[in-house]
Amino acid sequence: MSNVEETREKVVIRPGRDIVSSMVGELREELKAVVDKQDVLLTVDLEGVRMIDSMGLGVLIATHNSLMKRNARLELVNISGDILQLLKNMRLDRHFSLR
């Protein structure tokens, strides 16, 4: 279970572990609950995340798309160098807000 911090304008989710197939179901539900509940800035803090597999990327992309439909947005913060490079190689840096 991720650490979730909520304010009126922003929700921060901190998975704190690798975003891989064995945990994406749980993360998907946490992200969906935020998307369904409110139109806010959703921040996924990737501190402690060393790896994201294809299923993890799929969950982040689906969340981004759902938020865009609601005029909200997703941002990723505290991204490791390897994950940042992966996102750039896949050109996801053009869609996600990365910090």
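Values in this text are rule-based calculations from the coordinates and carry no lab data. Source: prediction; values computed, not measured. Backbone-built Cβ (ideal geometry, glycine too); neighbour counts: all protein chains shown.
Return the percentage of antiparallel bridges among DSSP beta bridges fully within region 3-98, rounded to the nearest 5 %.
25
Against the longest principal axis of the chain, how steep is helix 24-37, in degrees 0 to 90 to the nearest 10, with axes from Cα atoms?
Helix 24-37 and the main axis of the chain meet at about 30 degrees.
Given an 8 Å cut-off on Cα distances and at least 6 residues of separation, report the relative contact order of the chain as a percent.
Numbers: 150 pairs, mean separation 26.9, N = 99.
Reported as a whole number, the value is 27 percent.
On a 0 to 90° scale, report how tilted helix 54-69 is relative to the longest principal axis of the chain, with both axes built from alpha carbons and the result rounded to the nearest 10.
30
Taking the Cα centre of the chain as origin and charging only Cβ (+1 Lys, Arg; -1 Asp, Glu), how large is the dipole, in debye to the nearest 20? Display every interim value, and only then the final one.
Values: 15 positive and 15 negative charges, 74 e Å.
I would put it at about 360 debye.
Excluding ARG14 itself, what net charge comes from residues whose Cβ is under 11 Å from its Cβ, given Lys and Arg +1 and Asp and Glu -1? Each step should come with its number before you reach the end.
Details: positive: ARG17; negative: GLU5, GLU30, ASP45, GLU47.
That sum, taken over residues with Cβ under 11 Å, equals -3.
Go ahead and run the numbers for FRET between GLU47 and ASN71, Cβ-Cβ distance against an R0 of 35 Å, rounding to 0.05. Could the numbers behind the result be given before it?
Values: r = 28 Å, r/R0 = 0.79.
Step by step, r from the Cβ atoms, then E = 0.80.
Under the rule of -39500 (n - 2.57) per DSSP H run of 4 or more residues, summed and divided by the residues of the chain, what mean residue ellipticity at 222 nm is obtained, to the nearest 500 deg cm²/dmol?
Working: 3 runs with 39 residues, N = 99.
It comes out at -12500 deg cm²/dmol, rounded to the nearest 500.
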